1. Test of understanding: among Thr33, Thr52, Thr38, which residue is assigned to a loop (DSSP other than H, G, I, E, B) and not charged (D, E, K, R)?
2. Only residues in the stretch 128-142 that are at pLDDT below 95 count as the first member; pair them with residues that are within 16 Å of the ligand (Cβ to nearest atom), Cβ under 8 angstrom, at least 6 apart or cross-chain, and list the lot.
3. Exactly one condition in (1) open to solvent by less than 10 Å² (accessible area, probe 1.4 Å); (2) within 11 Å of the ligand (Cβ to nearest atom); (3) outside any loop (DSSP other than H, G, I, E, B) is not met by Leu79; state its number.
4. Spot the failing condition for Gly172; the list is (1) of a type outside the set (Ser, Thr, Tyr); (2) more than 14 Å from the chain's Cα centre (by Cα); (3) within 18 Å of Met224 (Cβ to Cβ); (4) open to solvent by less than 10 Å² (accessible area, probe 1.4 Å), and only one is missed.
5. If you check Lys248 against the conditions, is it part of a helix (DSSP H, G or I), open to solvent by 10 Å² or more (accessible area, probe 1.4 Å) and of a type in the set (Lys, Arg)?
6. Go through Glu107, Glu135 for me and flag whichever is more than 15 Å from the ligand (Cβ to nearest atom), open to solvent by 20 Å² or more (accessible area, probe 1.4 Å) and acidic (Asp, Glu).
7. For the stretch 253-277, enumerate the residues that are crowded, with 24+ Cβ neighbours inside 10 Å, outside any helix (DSSP H, G or I) and within 16 Å of the ligand (Cβ to nearest atom).
8. Pick out the one residue from Ala57, Ala20 that is of a type in the set (Gly, Ala, Ser), part of a helix (DSSP H, G or I), within 17 Å of the chain's Cα centre (by Cα) and surrounded by 14 or more Cβ atoms within 10 Å (Cβ to Cβ).
Amino acid sequence: MAAEIIDGKQVAEQIRRELAQEIADFKARSGITPGLCTVLVGENPASVSYVTAKGRACEELGMRSIHHALPAETSEANLLKLIDELNRNPEVHGILVQLPLPDQMDESKVLFAIDANKDVDGFHPVNVGRLMIGEEIFPPCTPAGIQELILRSGTPTEGAEIVVVGRSNIVGKPIAVMLLQKKPGANATVTVCHTKTRDIAAHTRRAEILIVAAGRAKAITADMVRPGATVIDVGVNRVGITSSGKPKLVGDVDFDAVKEVAGKITPVPGGVGPMTITMLMKNTLKAAKLAVDGRC
Ligand code: GUN
């Protein structure tokens with residue numbers, strides 16, 4: 001029997017409806033409109049489309065969106081100066097510097113410069129530390145979206161064998177930490193596989209929940225999946241152009257084959273992607289509450 005498809009777009013829309021109400025309530029109560037500032041250095045086409053989608057989502061939910069586009073050759077000092085201004089600007093509650101940055105910039109230094117209380121990406125070392133000890137304010141958006149999809153798909157996590165493929169700072173490491181916490185929606189036994197793992201399939205075949213952020217199309221084939229598993233595909237790989245001239249996207253999982261083995265599976269596009277931006281909106285509202293109420 002083919003797997004149930006986890007519709008990320010539908011789940012994201014449901015959460016956005018809930019958020020729109022919370023944002024309206026916050027604005028009515030405080031007289032303040034939550035504001036997100038996105039910063040893009042250069043013109044990487046994928047980054048341009050992500051940042052555009054983030055700005056649009058903000059406006060649709062009744063929040064303010066501010067955008068700064070800097071040329072690819074901008075110096076690190078100039079970017080740090082802009083971040084300093086945004087840190088001090090009371091209308092800016094959340095700051096997002098789109099990654100990757102050009103080679104002349106030290107990514108860690110840039111992320112460290114963002115006020116931790118405006119770091120809606122959750123990438124500042126203080127927020128990474130808070131996440132590690134289970135006291136996060138801003139859970140990183142893609143892992144938060146993955147956790148929400150697992151929960152809302154009705155897949156239990158407590159005591160479950162969860163395997164994460166990929167160890168990036170943006171997805172692999174934080175989702176592993178989040179699912180390990182002594183909390184509802186977590187409490188799992190988590191294994192993280194990576195490029196130096198000796199036998200990835202031996203691990204993935206044991207997974208009741210398999211989360212794939214490997215960065216490579218067809219990294220997971222049907223023989224690597226435990227029958228009935230919930231499979232969350234975080235990959236976005238461009239593999240040519242569709243008939244309408246848009247980039248054709250696939251995940252890291254061989255979807256057509258794996259859906260015949262898995263119990264539940266997220267598609268690409270329409271799985272994790274819409275959730276990431278929704279979680280960013282949630283963090284932006286939290287940042288505004290933190291600024292206004294001193295807590296969120
Ligand atoms: N580049 C790819 N994903 C992300 C993300 O979640 N946040 C930022 N700032 N840049 C990214």
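1. Thr33
2. Correct list of pairs: empty, since none qualify.
3. Condition not satisfied by Leu79: (2).
4. (2)
5. Considered against the rule, which asks whether it is part of a helix (DSSP H, G or I), open to solvent by 10 Å² or more (accessible area, probe 1.4 Å) and of a type in the set (Lys, Arg), Lys248 comes out as no.
6. Going through Glu107, Glu135 in turn, just one is more than 15 Å from the ligand (Cβ to nearest atom), open to solvent by 20 Å² or more (accessible area, probe 1.4 Å) and acidic (Asp, Glu): Glu135.
7. Of everything in the stretch 253-277, just one residue is crowded, with 24+ Cβ neighbours inside 10 Å, outside any helix (DSSP H, G or I) and within 16 Å of the ligand (Cβ to nearest atom), namely Gly271.
8. Just a single option satisfies the conditions, and that option is Ala57.
The values are calculated or read from the model by the stated rules, or taken from the named source; none is laboratory data. Only a predicted model underlies this, so the values are computations on that prediction, with no experimental measurement involved. For neighbour counting, all protein chains shown are included, and Cβ atoms are generated from backbone atoms with ideal geometry for every residue, glycine included. SASA here: full protein model, heavy atoms, side chains in, ligands and nucleic acids out. Shrake-Rupley method; radii C 1.70, N 1.55, O 1.52, S 1.80 Å.
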